[in-house]
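Visitor: The structure under discussion is supplied below as structure tokens; questions concerning it will follow.
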Amino acid sequence: DYYAQPVRLVIIDTFNKAITGANENAGQDMTRVLSRLERISETLDCAVLVPMHKSKQGDMRGHTSLTGDVSNVINVTKLEITDQNGRPIRTAALDKNKDGEGGRPARFVLRQVVTGMDGDKPITTCVVDKPNGDDDALTREGKLSPPQTIFLNTLKNCLDTDGTDGPASLRVSPHMNR
């Protein structure tokens, strides 16, 4: 009631900080933790998001109940590629969806933004952004990727200098002809 808006999401960052003293590999400890998270969700009628870090090998850490006894698991992976600005591209994939289908992984990058100053030192955070030059995303959105745009412009230039209009039987839009 403090903000006159209902709570829709509680983020507990990170899981390991929140369970200080509990053993993430012990089923009994994790059952107790998951029960408390569920109580928060039910009491506030909201979703609870708890980021967890993977092992050095890239695997989920902890007891199997951490993924088995929850409704959704979103797996974030850092790819070995960067966008045109040199930012590492990551994917977020819905690996588990208790009451529905999984989804296609979404690509994103983190963009650093300044939120304030601490003396002469900037205070920063990251926001999720679309990768620059993400050909898959451009194709999904019905836009041309950079290589496709270059090809189309080259083709148009060739037609403008050396080509002829297509036959009327092709029913090509007038703006496609020279």
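The values are calculated or read from the model by the stated rules, or taken from the named source; none is laboratory data. It should be emphasised that the depicted structure is a prediction, and the values quoted were computed from it without experimental measurement. With ligands, DNA and RNA removed, areas are computed over all heavy atoms of the protein, side chains included. Shrake-Rupley method; radii C 1.70, N 1.55, O 1.52, S 1.80 Å.
Visitor: Give the Rg/Rh ratio for the range 28-75, taking Rg as the radius of gyration of the Cα atoms and Rh as the Kirkwood radius, to two decimals.
Guide: Result: Rg/Rh = 0.99.
Visitor: Show the residues, 5+ positions off or on another chain, whose built amide H is closer than 5 Å to the amide H of Thr82.
Guide: Ile89
Visitor: Here's a follow-up. May I ask you to rank Arg104, Arg87, Arg111, Arg36 by accessible area, largest first, using a 1.4 Å probe over the protein chains only?
Guide: If we order Arg104, Arg87, Arg111, Arg36 from most to least accessible, we get Arg104, Arg36, Arg111, Arg87.
Visitor: Through the Karplus equation 6.51 cos²θ - 1.76 cosθ + 1.60, θ set to phi - 60°, convert the phi angles of the range 56-63 into ³J(HN,Hα) values in whole Hz; use x for Gly and Pro.
Guide: 3J(HN,Hα) across the range 56-63, in whole Hz: 4, 7, x, 9, 5, 9, x, 5.
Visitor: How large is ³J(HN,Hα), in whole Hz, for each residue of the range 77-87 in order, when computed from phi with the Karplus curve 6.51 cos²θ - 1.76 cosθ + 1.60 and θ = phi - 60°, using x for Gly and Pro?
Guide: Karplus-based 3J(HN,Hα) across the range 77-87 equals 10, 8, 7, 8, 10, 10, 7, 5, 9, x, 8 Hz.
Visitor: Oh, and also: Among Ile123, Ile12, what's the order by accessible area (1.4 angstrom probe), most exposed first?
Guide: If we order Ile123, Ile12 from most to least accessible, we get Ile123, Ile12.
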